[in-house]
1. Within the range 539-586, take every residue that is more than 21 Å from ASN445 (Cβ to Cβ) and basic (Lys, Arg) and give me the one that is surrounded by the most Cβ atoms within 10 Å (Cβ to Cβ).
2. Please identify the pairs in which a residue from the range 136-150 that is touching a residue at least 40 places away in the same chain (Cβ under 8 Å) has its Cβ atom under 9 Å from the Cβ atom of a residue that is in a strand (DSSP E or B) and β-branched (Val, Ile, Thr), counting only partners at least 6 apart or on another chain.
3. Let me confirm something: among VAL174, VAL185, which residue is in a strand (DSSP E or B), under 24 Å from GLY33 (Cβ atoms) and in contact with a His (Cβ under 8 Å, 6 or more places away or on another chain)?
4. Filter the strands (runs of 3 or more DSSP E) completely within the range 601-675 down to those with at least 1 residues that are under 25 Å from LYS720 (Cα atoms) and of a type outside the set (Phe, Trp, Tyr).
5. (1) buried (at least 20 other Cβ atoms within 10 Å of the Cβ); (2) in contact with a strand residue (DSSP E or B) (Cβ under 6 Å, 6 or more places away or on another chain); (3) of a type in the set (Gly, Ala, Ser): which one isn't true of GLY51, the others all being true?
6. Quick check on the range 413-464: of everything there that is outside any strand (DSSP E or B) and of a type in the set (Ser, Thr, Tyr), which residue is surrounded by the fewest Cβ atoms within 10 Å (Cβ to Cβ)?
7. Can you name every residue in the range 656-708 that is surrounded by fewer than 16 Cβ atoms within 10 Å (Cβ to Cβ) and among the hydroxyl-bearing types (Ser, Thr, Tyr)?
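The values are calculated or read from the model by the stated rules, or taken from the named source; none is laboratory data. It should be emphasised that the depicted structure is a prediction, and the values quoted were computed from it without experimental measurement. A quick note on method: Cβ atoms are made from the backbone with ideal geometry, for glycine too, and the neighbour counts reach across all protein chains shown.
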Amino acid sequence: MKQYLYVLAATLCLLAACKKNRDEVALPLSISGFLPSSGNPGTVVTIRGTGFGTGIGNNTVSFNGISATVVSVNDTVLIVQAPEKGTTGPLTITAGNHTANGAVYTYQALSIHQVSPANGPEGTNISISGAGFSSLEGPAAVSINGHPAIVSNSNDTLLTAIVPAGAGSGAVEVTVNNTHASGPVFTFQSITKIKPATGGAGTLVTISGTGFNTTVANNVVAFNGLPGTVVNASETALQVLVPAQVKAGPVSVTINGQKTSGPIFTPVPPPVIRTIAPLSGPVGSIITIAGDNFSSISDEDTVLLNGKPLTIMSATSQQLTLTVPVTATTGMLRISVNGQAINGPQYTIQALGITQLLPDNGLDGSVIVMKGTGFDKIAANNHVSINGLAVMVTAATDTTLTVTMPAGFTTGSLNVSTGSLSAVGPLFRRAGVSLFYKGAMASGNVRGLVIDSKGNVFTAGDGHISKITPDGAGSLFAGGDDRGNTDGTGVNAKFFAISGMAIDAQDNLYVADAFNNNIRKITPAGKVTTFYAGLDFQPKYLTIDAAGNLYAGSDYNGVFKITSNGTQVTQVARNGISSQFSWYNGYLFMSNVDGAIELRLNIATGENLVFAGAFNQGDYIDGPKGVGRLNGPAASTYDPVSGFVYIVDSYNYSIRTINPNDGTIGTITGAEGSYQPFRGGNKNGTLQEALLSPTSGSPLVVDKAGNIYLVEENLGQIRKITLR
């Protein structure tokens with residue numbers, strides 16, 4: 001029995017060996033490459049390919065017909081020594097009846113054995129190991145994919161070279177004494193662009209470039225150091241999901257430890273919808289979506305109606321224009337910008353719809369033209385309302401309605417119904433310019449203007465401070481015509497040339513008493529005390545920060561910070577101040593009237609840069625930093641409701657806006673919306689209709705609702721610019 005088992009085992013082993021040999025021969029025999037491709041006799045050469053098997057005796061390797069000694073073998077790698085009597089020529093492998101021919105092996109002293117790292121971007125230092133690099137006739141020359149590289153270090157067996165810009169992927173080559181050696185392929189890494197370049201967590205970003213690894217896990221992508229999730233990879237493109245809590249910074253790709261930096265990815269908030277008009281209409285209608293954080297690159301915006309995409313005709317960061325296709329059906333609108341989505345209201349496919357309001361803002365009694373489709377030509381058959389309040393229709397066609405805004409209306413959608421159909425219209429804003437006060441308290445040399453938490457407006461100039469209640473009734477609050485330097489309550493106090501004024505969260509007033517060289521404080525009850533006395537300069541204008549610290553500006557001595565307890569004064573800027581300036585989030589915003597620019601001072605660092613406009617290039621242009629222009633910018637104030645800095649643009653007779661984060665300039669009202677310089681006047685009405693007459697010294701202020709009050713001392717009045 002035991003003998004039978006021995007025979008059976010031997011038979012099985014023989015069958016297994018035979019099967020193994022048959023499998024080895026059956027595999028395709030091929031040579032994919034070898035390294036080094038040159039060298040002296042005895043050089044160890046590594047051959048890569050397939051079908052080599054595992055037995056050293058199964059393969060015959062020859063160099064130009066001369067057999068070589070096989071040192072090691074597996075199915076994909078053969079290691080041999082270049083034969084002593086070999087000559088330059090092709091390398092050949094024979095296994096059984098199969099032969100595979102490789103490239104030429106060159107017998108010479110110069111050879112490249114290894115390159116490390118085998119991948120990287122421009123500027124990477126690569127180490128080239130081999131032999132024959134030294135020469136008395138000249139240094140070794142290195143190229144990558146045919147592009148010359150700088151050799152930073154060399155000896156007979158090692159070269160260090162710097163990968164040149166734009167090299168691309170290709171063989172590393174070394175030339176010594178006109179002798180040439182070719183080494184392995186160096187994979188050149190680069191990032192040419194990212195799309196999109198803005199977004200948020202979860203945005204799918206395509207990174208285009210070269211030298212990426214086709215295995216997803218082998219590409220490490222980071223957004224300003226935070227790892228992203230690679231979901232797809234090719235040699236020229238990676239698709240990556242942006243990580244949570246991403247911050248603005250460069251995108252990088254690391255492969256085999258070699259890092260390549262690319263363009264900056266900037267996180268932006270999800271899109272915001274302000275208005276959509278119309279919200280109903282027939283197929284073929286044009287829909288305008290106003291909001292924020294859209295992409296001006298239209299293919300980065302997606303708008304779905306009832307789950308189906310709409311065609312985007314135009315796109316800016318604040319407006320998308322689309323058409324309703326013939327296949328559209330009533331349903332919800334959904335806006336997505338670079339993977340960040342927001343749901344909008346329902347859009348109804350029907351004949352009745354409101355497309356536009358002209359103008360889109362006004363006050364009681366304003367006449368508005370509503371444009372749209374499906375209106376009844378008989379005015380009385382169209383019922384218009386805003387926030388439930390009826391609006392009178394005075395004229396009608398099938399595409400226009402003329403309406404008059406009722407007394408006491410509030411901002412809301414202007415809606416219409418006729419017959420069995422109803423349509424939601426665009427937002428109509430209660431906004432416009434009206435007279436708030438006219439009289440002596442807005443005349444003369446008024447340079448200070450603040451508003452308290454109850455809506456009382458205070459004006460200051462010369463030796464007195466006046467108070468105007470929300471209903472427009474004015475009275476003397478402190479000081480009077482007699483000049484002096486006396487503390488007291490109300491009219492018993494004396495000032496000498498009040499200029500700027502500020503107010504704190506407790507409704508305490510602070511005034512720059514210029515000719516007394518001090519800062520005075522007035523409580524809501526009218527009690528006047530000296531807050532800081534004996535300044536080395538004449539304080540002209542004041543602003544206050546969130547912590548209650550005061551900033552006093554002077555004509556020639558710069559800007560000084562006075563701590564909230566009045567114990568310390570430090571200089572924060574050296575430029576003179578000739579109009580009201582403002583504080584926001586650690587910055588001071590200061591105008592240069594004649595220079596046509598707005599400066600932004602970083603209080604912590606002292607950096608003081610041109611932030612909006614262009615020096616000595618006065619004009620009337622809205623736009624981003626570098627494009628927008630001012631013309632005589634003067635008093636400024638920050639509005640926490642809108643997030644903008646408001647500017648009196650005195651030569652343009654307008655109120656302008658500046659985004660305090662990026663310097664973008666806009667316009668609120670003035671010049672009848674014409675954008676024509678020096679077009680002033682005294683006309684109330686909608687924001688587009690109004691004419692203003694401020695001077696370079698006219699102060700302005702915003703109330704807690706974000707409405708603006710502007711002094712026009714030449715007209716002896718204060719205008720209210722209603723925005724909400």
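1. LYS561
2. Note: pairs meeting the criteria are GLU137/VAL176; ILE144/ILE126; ILE144/VAL172; ASN145/VAL172; ASN145/VAL185.
3. Values: VAL185 fails: in contact with a His (Cβ under 8 Å, 6 or more places away or on another chain).
That would be VAL174, the only listed residue that is in a strand (DSSP E or B), under 24 Å from GLY33 (Cβ atoms) and in contact with a His (Cβ under 8 Å, 6 or more places away or on another chain).
4. Working: elements: 608-613, 633-639, 644-649, 654-658, 665-670.
Here the list reads 633-639, 644-649, 654-658, 665-670.
5. (2)
6. So the first thing to find is which residues in the range 413-464 are outside any strand (DSSP E or B), and the list is 419-420, 424-426, 431, 439-447, 452-456, 463.
With the extra rule that they be of a type in the set (Ser, Thr, Tyr), the set shrinks to 420, 443, 453.
Numbers: SER420: 7, SER443: 17, SER453: 12.
Across the range 413-464, the extreme among qualifying residues is SER420.
7. SER674, TYR675
Let's see how each residue does on (1) in contact with an Asp or Glu (Cβ under 9 Å, 6 or more places away or on another chain); (2) outside the structural domain of ASP507 (by TED's automatic domain parsing); (3) polar (S, T, N, Q):
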position	(1), (2), (3)
PHE615	no, no, no
ASP619	no, no, no
GLY632	yes, no, no
TYR651	no, no, no
SER654	no, no, yes
THR657	yes, no, yes
GLY666	yes, no, no
SER674	no, no, yes
PRO694	yes, no, no
